[in-house]
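Please read the structure below before turning to the comments.
The values are calculated or read from the model by the stated rules, or taken from the named source; none is laboratory data. The structure presented is a predicted model; accordingly, all values stated were derived computationally and were not measured. So basically every Cβ, Gly included, is an ideal-geometry build from the backbone, and we count neighbours across all protein chains shown. Heads up: the accessible areas ignore ligands, DNA and RNA and are worked out on the full protein's heavy atoms, side chains in. Shrake-Rupley method; radii C 1.70, N 1.55, O 1.52, S 1.80 Å.
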Amino acid sequence: RQMNADRPVTVQDLAAMRDRGEPIVMVTAYDANAAGLADAAGIPVLLVGDSLGMVVLGHDTTIPVTLDDMIHHAGAVVRGTGRALVVVDLPFGSTQGGPADALHSAVRVLKETGAAAVKLEGGRRAAETVRTLVEAGIPVMGHVGLTPQSVHAFGGYRVQGRGDGAVEALEADVAALGEAGAFAIVLEAVPTVVGRSVAAASSVPVIGIGAGPDVHGQVLVWHDLLGLGEGPHPRFVKAYDDLRGRTIAALRAFASEVRDGTYPGPEHGYGA
Ligand code: KIV
């Protein structure tokens, strides 16, 4: 089935893209303005990631992000897009109580934001939860490899999938998520060779971030790909612009013109 630019992207479109070898493009978005820009660029999938906590809300990890935070931003993203499939992260604390807890959280996300799908972290350990949501009619995207909500258990943001049995464990994770009904799976921060074998073994599309090129699609965080962040970033990040530098320059120009009286000029004033 071909994607039609006039109708919203569906979870079924992602499987069709994988089947015809068309890479799936996903970016994160946290507000209506970004969603509109992504729509204009033809981005088919928007992830309201709980990276929100780090790139927008100023936290050091994703752990403090609340379900209310996610719903607030996801609603804005949905209002800002006319076409993209919007997937919303279930944040730390909104699924840990088990399938019933996760179902309650996911129902709130769909009812209060208008988004079409949720994402939750974890492989085999999350499979029962994924199955419960899918049986309730809620499309679920999985997330394995480096799962940032487990940063404390990992002892930092470390590359996953290395060492004896690690690839087999990841393959078992994606198999369990696929069997539970996940429509796609994010695979984060694993060696390229691991990304290749996990994607090849998966029954559903695997969208990589730091998983190499041999997966079914790629996702990057908005601020990373636009060069809006500062400081060190993971090896897999590619900045396609320097919006941080350009934004600071624009702000400096405004400040300078206010200080020297250049702005506002006569053309910015109202007649009597
Ligand atoms: O929270 C997020 O933005 C994510 C992506 C990095 C996949 O989970």
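Quick notes on this one:
- 222 nm mean residue ellipticity, helices alone, for the chain (DSSP H n ≥ 4; -39,500 (n - 2.57); rounded to 500): -12000 deg cm²/dmol
- Within region 1-143, percent of DSSP bridges classed antiparallel, to nearest 5: 10
- For K119, the residues whose modelled amide H falls within less than 5 Å of its own, excluding neighbours fewer than 5 places apart on the same chain, are V88, D89, L90, M141.
- Fraction of the pair-distance distribution of region 167-257 above 15 Å, Cα-Cα pairs, percent: 64
- Taking θ as phi - 60° and the Karplus parameters 6.51, -1.76 and 1.60, the scalar couplings of region 10-17 work out to 10, 4, 5, 4, 5, 5, 5, 5 Hz in sequence order, x denoting glycine and proline.
- Carbon and sulfur %, accessible surface of region 152-211 computed with the full protein complex present, 1.4 Å: 53
- Largest GNM mean-square fluctuation across A184, A102, A136, computed for the chain with C-alpha springs under 10 Å, falls on A136.
- E135 accessible area, 1.4 Å probe, all protein chains in place, Å² to nearest 10: 150
- Fraction of accessible area attributable to carbon and sulfur, region 40-91 (%, probe 1.4 Å): 54
- For region 1-152: relative contact order, % (alpha-carbon pairs under 8 angstrom, 6 or more apart): 20
- Computed with a 1.4 Å probe over protein heavy atoms only, the accessible area of H104 comes to about 120 Å².
- Here the ratio of the Cα radius of gyration of the chain to 2.2 N^0.38 Å is 1.08.
- By average C-beta atoms within 10 angstrom, highest first, the peptides 42-48, 234-240: 42-48, 234-240
- Largest GNM mean-square fluctuation across A172, A117, A38, computed for the chain with C-alpha springs under 10 Å, falls on A172.
- In terms of accessible area, using a 1.4 Å probe and ignoring ligands and nucleic acids, H72, H143 rank largest first as H72, H143.
- Local charge for V56 was computed over the other residues whose Cβ lies under 10 Å away, with Lys and Arg +1 and Asp and Glu -1, and equals -2.
- Phi angles of region 49-58 translate, via the Karplus equation with coefficients 6.51, -1.76, 1.60 and θ = phi - 60°, into HN-Hα couplings of x, 6, 4, 2, x, 8, 8, 10, 8, x Hz per residue; Gly and Pro are given as x.
- Here the Gaussian network model covers the chain, with springs between Cα atoms less than 10 Å apart; of G261, G49, G178, G261 fluctuates the most.
- Per residue, the accessible area of the chain comes to 49 Å², computed with a 1.4 Å probe over protein heavy atoms only.
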